[in-house]
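Trainee: Take a look at this one; I'll ask things after.
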Amino acid sequence: MLLPLLASIEKNNPNAITHIYWEDIDVEIIETLQKTFTRTQWSKTSFNFSNDVTKRISSKTLVWELAAQENQNLDEWLVFLDADTLVIQEILPYLQAQQATAIFTHRDSSFPINS
C-alpha cells in the first residue's frame, strides 16, 4: 500500500515534503522505493510492534509522537497518513480553510482513531 500512497502524494501534491517512518518492511523494498521517490525522507524505527492486531494498530500513535517531536518547529501543516490512504487532490487548500490546530477523522466503531 505504500507505493500507491507515495505515487498519489507525488501526483497530487508535488511540493509536499514526505517522510516515511518504517519498521517491518524488507530493506530491499525500501531501497527500491528510495530510488523512485528521491524527495521522500526515510526513517527506520525500532518500536518492536506487537503481532497482536489491536496493539499494532494503536501503536501508530508512538510513530505520530516521534514525527510530531521531530517536526515541532515547522511553520507548515504536519499531516499524518496511514499507508492505506490515497491522496486524490491537493491537500493544502483544504487545510488552509480550517480554523484548527489539529484535525482528526472520526470513525464510529470500536476503533475510533483514524488518521
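Trainee: Taking a probe of 1.4 angstrom, what is the accessible area of residue 21 in Å², to the nearest 10?
Mentor: 50
Trainee: Now a separate question. For n ≥ 4 DSSP H runs only, could you compute -39500 (n - 2.57) per run for the chain, divide by its residues and tell me the 222 nm figure to the nearest 500? Walk me through the numbers on the way to the answer.
Mentor: Working: 5 runs with 43 residues, N = 115.
Using -39500 (n - 2.57) per qualifying helix, the result is -10500 deg cm²/dmol.
Trainee: Under a cut-off of 14 Å between alpha-carbon atoms, report the aspartates and glutamates in cross-link reach of residue 11, not counting same-chain residues fewer than 8 places apart.
Mentor: Once the sequence-local aspartates and glutamates are set aside, what remains near residue 11 is 90.
Trainee: What figure in square angstrom, to the nearest 10, would you give for the accessible area of residue 63 with a 1.4 Å probe?
Mentor: Residue 63 exposes around 30 Å² with every protein chain in place.
Trainee: Here is a follow-up. Mind checking the per residue accessible area of the chain for me, 1.4 Å probe, whole number of Å²? List each step's numbers first, then the result.
Mentor: Details: 8650 Å² over 115 residues.
Here the per-residue accessible area is 75 Å².
The values are calculated or read from the model by the stated rules, or taken from the named source; none is laboratory data. Quantities reported herein were computed from a predicted structural model and do not represent experimental measurements. The area values use the complete protein model at the heavy-atom level, side chains included, leaving out ligands, DNA and RNA. Shrake-Rupley method; radii C 1.70, N 1.55, O 1.52, S 1.80 Å.
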